[in-house]
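Report on one structure; see the data block that follows.
The values are calculated or read from the model by the stated rules, or taken from the named source; none is laboratory data. Computed from a prediction, not measured in an experiment: that's the story for all the values here. As a convention, Cβ positions derive from the backbone with ideal geometry for all residues, glycine included, and neighbour counts pool all protein chains shown. Surface accessibility is based on the protein's heavy atoms, side chains included, excluding ligands, DNA and RNA. Shrake-Rupley method; radii C 1.70, N 1.55, O 1.52, S 1.80 Å.
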Amino acid sequence: MRRWIAGSLMSCALALAAGQAWAQEAGTFRYAEQVKLITMDPQQQSGSGVPFLRPVYESLFEKGPDGENVPLLATGYEVDGLDVTITLREGVSFSNGEAFNAEAAAANINRGIKLDVIEGLRTVESAEAANEYTLRIKLKEPDPAIINSLCYTGGMMIAPAALDDPAVDRNPVGTGPYVYNASESREGEVRVYTPNPTYWDKDKIGLARYEVWEIPDDTARLNSLRTGQIDAGNWLSNAQAAIIDRAPDLELIRHNGGLNYHVIISDREGTVVPAFADPLVRKAMALAIDRDAFNQAIQFGLAVKSFQPYGQGDWAYDPSLEGVYEYDLDKARELMAQSGFPEGFTFDMPSIPIYQSRLEALAGFFQEIGITMNIVPLEPGTLARRSRTTDFPATNLVWNTITDPKFVALRYIYEDAAYNPFKAKPSDELLALAEEGLNSVESEERAPAYKKMAAQLADEAFLIFVTNAPILFGVSEKTANNPSVVYRYGEDSINLRGLVAND
């Protein structure tokens, strides 16, 4: 059992008075997201957009600087088989005045289970309040990463009165250091957050105002950084990131975690595109991608080649898989000729603006082996949601390599996996390895199963990994030299607790 001791809390009256005095001196910090806001309901959130949520919502746990699970709204936990007991922080309230307690936490977890959007809650059967500040979670199956899941949207807490509010997607109510200021926000442009006067840890509020700008266009986001409209923002490995890396008055932060760009053959049983049921076709596609050229031309040398879900240095990473699908056009053409589709075929692939150049490059590679990939533009911020439907036979996403390997199965392998919308039946080999990986909480004991899983995925080739790049932040010189700026472990967001303005 692991326990932590919470620090003492100031009285609400003293906290409010201190906050009022402080607000006269504090400044503004401006952050730019590369995707548009879809929802402020964390239990409905999928894909990118977490920076819109973090000011308002806190999770039960968060990641420490080395990736360890650290309590936030929780103070300790115990996992005993399928029973998880979590002790909660006392004296915390939601910004609407409601008390945070085990009953509120259980209602959040149960709502997340019912909505079935958050992958990290797929192993949870139910939650209940054992007493006022003790939360009990019942698992369906062993889950060595359940506390890890509660560090993210799975553990974010919404005020009880807001759980059934149909407007919660634009009216968030949490326990966080800031509250959403709808009157000063502008839909589709900027989201404004101001201090939460009832926050339980007032000393951690260092801003009078926090802004998240919606700027999906990479060049526009770069110009905003250059002119001082924003202090920081997130980028993929692209031309604008390379410009930031060379600019004397800007800095490109290479953060931990890796964004593994990959193609998902969703229709792997050939329901809509029969060719996708042929492993030879899938392997040919994997071999047709010149990853070195892709990295240099599209990602400006900011990435490395990838052939598996995990990055170098991760505990599940298998070095023997390096080069398993090294670029070999002759071999790819040979496999296409041996397949049931020697004349090629056509399929549709969804795209958002930040992935357009990537898909244009992939389309060129596939064309070399007779496969025509039609790129279908989507609204920014909708790719993850649409990828969970049967609208497209294939899609393209990024996988954060610090994510626990159990999510490979929850996301892609199981028949009810989030990104298996055609309900393809997984192979017995993958199912057995997914189960084996859950039999221990120790990473060294789990690693062999996940290494075998990566090899089996390579053999079945319905996940085609392309490149792996670090999480990238573009920041101003002032932000780079601001010691209060702490990037959340493995996330494309800044920890707002303790953040102070550049000015």
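Which residues, taken from the stretch 227-238, are over 28 Å from residue 304 (Cβ atoms) and open to solvent by 10 Å² or more (accessible area, probe 1.4 Å)?
227, 228, 229, 231, listed by residue number.
Scan the stretch 143-162 for residues that are surrounded by fewer than 17 Cβ atoms within 10 Å (Cβ to Cβ) and either part of a loop (DSSP other than H, G, I, E, B) or β-branched (Val, Ile, Thr) (or both) and report the count.
0
Which residues, taken from the stretch 303-325, are open to solvent by 70 Å² or more (accessible area, probe 1.4 Å), at pLDDT 95 or above and either on the phi > 0 side of the Ramachandran plot or part of a loop (DSSP other than H, G, I, E, B) (or both)?
322, the sole residue that qualifies.
Which of the numbered conditions does residue 423 fail, given that it passes all the others? Conditions: (1) modelled with pLDDT of 95 or more; (2) open to solvent by 10 Å² or more (accessible area, probe 1.4 Å); (3) at negative phi.
In the conditions (1) modelled with pLDDT of 95 or more; (2) open to solvent by 10 Å² or more (accessible area, probe 1.4 Å); (3) at negative phi, residue 423 misses (3) alone.
When the residues of the stretch 272-288 are narrowed to those that are more than 24 Å from residue 388 (Cβ to Cβ) and hydrophobic (A, V, I, L, M, F, W, C), which ends up surrounded by the most Cβ atoms within 10 Å (Cβ to Cβ)?
284
In the stretch 246-271, what residues are over 19 Å from residue 426 (Cβ atoms), in contact (Cβ under 8 Å) with a residue 24 or more places away in the chain and either open to solvent by 70 Å² or more (accessible area, probe 1.4 Å) or among the hydroxyl-bearing types (Ser, Thr, Tyr) (or both)?
Hits for the stretch 246-271 are 249, 251, 254, 261.
On the given criteria, is residue 417 under 27 Å from residue 349 (Cβ atoms) and of a type in the set (A, V, I, L, M)?
In short, yes.
Please work out which residue is nearest to residue 439 (Cα to Cα), limiting yourself to the stretch 87-133 and to residues that are open to solvent by 40 Å² or more (accessible area, probe 1.4 Å) and part of a strand (DSSP E or B).
By that ranking, first place goes to 125.
Which condition number does residue 331 fail, the rest of (1) surrounded by fewer than 22 Cβ atoms within 10 Å (Cβ to Cβ); (2) closer than 24 Å to residue 258 by Cα being met?
With (1) surrounded by fewer than 22 Cβ atoms within 10 Å (Cβ to Cβ); (2) closer than 24 Å to residue 258 by Cα applied to residue 331, the lone miss is (2).
Among the residues of the stretch 179-199 satisfying the criterion of being among the aromatic types (Phe, Trp, Tyr) and in contact with a strand residue (DSSP E or B) (Cβ under 7 Å, 6 or more places away or on another chain), which is nearest to residue 498 (Cα to Cα)?
First, the residues of the stretch 179-199 that are among the aromatic types (Phe, Trp, Tyr): 180, 193, 199.
Imposing the further condition that a residue be in contact with a strand residue (DSSP E or B) (Cβ under 7 Å, 6 or more places away or on another chain) reduces the set to 180, 193.
On the way: 180: 18, 193: 15 Å.
Among them, the one singled out is 193.
How many of the residues making up the stretch 27-43 are of a type in the set (Gly, Ala, Ser) and crowded, with 24+ Cβ neighbours inside 10 Å? Quick ask: steps written out before the conclusion?
Restricting attention to the stretch 27-43, the residues satisfying the condition of being of a type in the set (Gly, Ala, Ser) are 27, 32.
From what is left, the residues that are crowded, with 24+ Cβ neighbours inside 10 Å are 32.
So the answer is 1.
So which pairs qualify, if the first residue must be in the stretch 436-461 and more than 28 Å from residue 276 (Cβ to Cβ), the second must be open to solvent by 80 Å² or more (accessible area, probe 1.4 Å) and of a type in the set (A, V, I, L, M, F, W, C), the Cβ gap must be under 9 Å, and the two must be at least 6 apart or on different chains?
Partner pairs satisfying both residue conditions: 443/315; 444/315; 446/315; 447/315.
Against the conditions (1) modelled with pLDDT of 95 or more; (2) open to solvent by 10 Å² or more (accessible area, probe 1.4 Å), where does residue 402 fall short? Just the number, please.
Of (1) modelled with pLDDT of 95 or more; (2) open to solvent by 10 Å² or more (accessible area, probe 1.4 Å), only one is false for residue 402: (1).
Anything in the stretch 193-234 that is polar (S, T, N, Q) and closer than 30 Å to residue 351 by Cβ? List them, or say none.
219, 223, 224, 227, 229, 234, listed by residue number.
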